[in-house]
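Only one structure is covered here, and it is reproduced in the block below.
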Amino acid sequence: MYTESHPTFTLRLEYRTYKYLTSAFASPTARAGIEARAAITALSAAQIKAYKPYTYYASTAYCSPSTTINWSCGTNCQANPGFVPVASGGDGNSIQYWFVGYDTTLKSVIVSHQGTDVTEILSVITDTEFALETMDSTLFTGVSSSVKVHDGFGKEQAKTATTVLSAVKTTMSTHSTSTITTTGHSLGAALSLLDALYLSIQLPSTSVNFIGYGLPRVGNQAFANLMDSKFPNLAHINNKEDMVPIVPGELLGYVHPSGEKHILDNSTWVACPGQDNDNKECSTGDVPTIFNGDVDDHIGPYDGVEMGC
């Protein structure tokens, strides 16, 4: 869905940025490990359909908080008519839009963050805050100092962390549930991935899961391992030759957690086992550099849904 709030994607990077992306974001051949030899399996129609509500929730996060708080955002909101909004916020500028509520069909709290377009997320990834940093110990209590995440993503998630936590607690109390799903697209997926870890720490008796779309790499090997251990059903869904899932580069120390679902050019969905599987049917193998990518694939479609409001 193209709107004024979600402009047509165009990639305008200076030559030196292109040179940096080409060298630093390429997938190293040394990572051709065990995962690439594991079986790539196709998802059934029923498995794909099960993701559809979350796809719309990720898309809905692009809508203004003034519409998500009363669930009046048009097609995106109509796709999940049983949703009960509890809180929403952000200004779409210094703080990404977000919302929290309860899905009466899925019996789950839903937390979603707004994404951004390709030019903006590549800017976020390559600016002065692209370095891997230890996690905020006041938010991520007990997480080892060896676990590091993208500094810009970490700072952005911290802006709304306690507000989101409060809204989640209210939703859990009101609807007598202990199940939470975080979701989002692009930058919103990165923030929601960090939210999943944060909420699982702050609310240890809950069942938390993450389903993201066009997720960039968020942290280092220790982070990917931690996410694998805590979220065995985690899913990050990548569309065709989308370039965002291959940045920041592995040579910079970034690693995806397991759980990739890749939409192939023929619209078949496959499950890619392991972390950064470099089989050519998975994103890391299919898009070795951003020059092999297609900027338009970032918004979808994901089973017919394009991201935006």
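The values are calculated or read from the model by the stated rules, or taken from the named source; none is laboratory data. Predicted model only: the values in this text are computed from it and were never measured. As a convention, Cβ positions derive from the backbone with ideal geometry for all residues, glycine included, and neighbour counts pool all protein chains shown. The area values use the complete protein model at the heavy-atom level, side chains included, leaving out ligands, DNA and RNA. Shrake-Rupley method; radii C 1.70, N 1.55, O 1.52, S 1.80 Å.
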Fill in: Filter pass, P53 being surrounded by 19 or more Cβ atoms within 10 Å (Cβ to Cβ) and either closer than 30 Å to N279 by Cα or among the polar types (S, T, N, Q) (or both)
yes
Item to complete: Tally the residues that are open to solvent by 10 Å² or more (accessible area, probe 1.4 Å) and either small (G, A, S) or closer than 17 Å to V208 by Cα (or both), restricting the search to region 90-104.
Response: 5
Worksheet entry | T181, sole failed condition from (1) in contact with a His (Cβ under 8 Å, 6 or more places away or on another chain); (2) over 27 Å from P288 (Cβ atoms) | (1)
Item to complete: Scan region 59-85 residue by residue and report those that are open to solvent by 50 Å² or more (accessible area, probe 1.4 Å) and either among the acidic types (D, E) or farther than 25 Å from P301 by Cβ (or both).
Response: S66, I69, N70, V84
Worksheet item: Taking region 65-97 only, how many residues are part of a loop (DSSP other than H, G, I, E, B), closer than 19 Å to T55 by Cβ, in contact (Cβ under 8 Å) with a residue 60 or more places away in the chain and under 19 Å from the mean Cα position of the chain (by Cα)?
Response: 1
Discussion item. Looking at region 196-219, can you tell me whether even one residue there is charged (D, E, K, R) and closer than 22 Å to S88 by Cβ?
Written reply: no
Fill in: Subset of region 160-198 (residues that are surrounded by 21 or more Cβ atoms within 10 Å (Cβ to Cβ) and more than 22 Å from C63 (Cβ to Cβ))
L197, Y198
Worksheet item: Are any of the residues in region 12-33 surrounded by fewer than 14 Cβ atoms within 10 Å (Cβ to Cβ), at pLDDT 95 or above and not in a helix (DSSP H, G or I)?
Response: no
Discussion item. Please count how many residues of region 237-261 are out of contact with any Asp or Glu (no Cβ under 8 Å at 6 or more places or on another chain), more than 23 Å from E306 (Cα to Cα) and open to solvent by 20 Å² or more (accessible area, probe 1.4 Å).
Written reply: 3
Worksheet, complete the sentence: In the set S267, S229, S283, the lone residue that is small (G, A, S), open to solvent by 10 Å² or more (accessible area, probe 1.4 Å), farther than 18 Å from K52 by Cβ and modelled with pLDDT of 95 or more is S229
Worksheet item: Looking at (1) modelled with pLDDT of 95 or more; (2) more than 18 Å from F99 (Cβ to Cβ), which is the only condition D151 fails?
Response: (1)
Worksheet item: Looking at region 287-309, which of its residues are of a type in the set (D, E, K, R) and over 21 Å from I48 (Cα atoms)?
Response: D294, D296
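Name the residue that is farthest from L43 (Cα to Cα), counting only residues in region 286-306 that are small (G, A, S) and at pLDDT 95 or above.
Within region 286-306, the match that is farthest from L43 (Cα to Cα) is G300.
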